[in-house]
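What follows is a set of notes on a single structure, which appears directly below.
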Amino acid sequence: MAMISGITTNLKQRAWWANALLLFCLYMTIVYLPFDLFFKPVAQDQEVWFGVMLTGWSAKLGGLAHWLIYALGAYGLLHQRTWLRPWISLYVLQVALSMLLWAMLDNRGSGLVAGLIAAAPFIGLAALLHFKPNHYLN
């Protein structure tokens, strides 16, 4: 019971959107990336960095970087570490930039307008993270 009370108290210290981001980072760290790294065949692996699709072993290395980033994000959000700022907002901006570049430059992309639509929520989240650190840090 004390553990549940501690988790509830911890979650109440953050805005709902910061808790959603924490849960996403935990999911990526505990569920998705271990599957991606250890069970997905190398030939099927794909990672996108700055709008560039990595495949095969380069994607596995990119996956390791993603795993580290999401683990640090989960730890930093869970324990409200001040070192998380400004890195978390910069990473989220990198995601937005990747979506925009992917949509514009890759053959499978869908153009500037679609890229801006896909990037917009991440730009908003990056702004929240940058300008409202008191919503996720003490």
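If the requirement is being surrounded by fewer than 15 Cβ atoms within 10 Å (Cβ to Cβ) and either at pLDDT below 95 or aliphatic (A, V, I, L, M) (or both), which of these qualifies: LEU54, LEU68? Show your work before the answer.
Working: LEU54 fails: surrounded by fewer than 15 Cβ atoms within 10 Å (Cβ to Cβ).
Criteria check complete, one pass: LEU68.
What pairs come up if the first residue lies in segment 1-13 and is surrounded by 10 or more Cβ atoms within 10 Å (Cβ to Cβ), the second is in a helix (DSSP H, G or I), and their beta carbons are under 6 Å apart, counting only those six or more places apart or on different chains?
Here the result reads LEU11/ASN19, each pair linking segment 1-13 to a residue that is in a helix (DSSP H, G or I).
Among the numbered criteria (1) in contact with a His (Cβ under 9 Å, 6 or more places away or on another chain); (2) over 17 Å from LEU84 (Cα atoms); (3) not aliphatic (A, V, I, L, M), which single criterion is violated by GLN44?
In the conditions (1) in contact with a His (Cβ under 9 Å, 6 or more places away or on another chain); (2) over 17 Å from LEU84 (Cα atoms); (3) not aliphatic (A, V, I, L, M), GLN44 misses (1) alone.
For residues in segment 13-51 being among the small types (Gly, Ala, Ser) and either in contact with a Phe, Trp or Tyr (Cβ under 7 Å, 6 or more places away or on another chain) or farther than 17 Å from LEU128 by Cα (or both), which is modelled with the lowest pLDDT?
Of everything passing the filter in segment 13-51, GLY51 is modelled with the lowest pLDDT.
Sort through TRP67, TRP83 and tell me the only one that's aromatic (Phe, Trp, Tyr) and touching a Gly at 6+ places or on another chain (Cβ under 8 Å).
Exactly one of TRP67, TRP83 is aromatic (Phe, Trp, Tyr) and touching a Gly at 6+ places or on another chain (Cβ under 8 Å), namely TRP83.
In segment 35-55, which residues are under 15 Å from the mean Cα position of the chain (by Cα), on the phi < 0 side of the Ramachandran plot and not acidic (Asp, Glu)?
Once the filter is applied, which keeps residues that are under 15 Å from the mean Cα position of the chain (by Cα), on the phi < 0 side of the Ramachandran plot and not acidic (Asp, Glu), segment 35-55 yields VAL48, TRP49.
Failed condition for ARG85, given (1) surrounded by 15 or more Cβ atoms within 10 Å (Cβ to Cβ); (2) of a type outside the set (Asp, Glu); (3) modelled with pLDDT of 95 or more, with all others met?
Single failed check for ARG85: (3).
The values are calculated or read from the model by the stated rules, or taken from the named source; none is laboratory data. Remember, predicted model here, so these are calculated numbers, not experimental data. For neighbour counting, all protein chains shown are included, and Cβ atoms are generated from backbone atoms with ideal geometry for every residue, glycine included.
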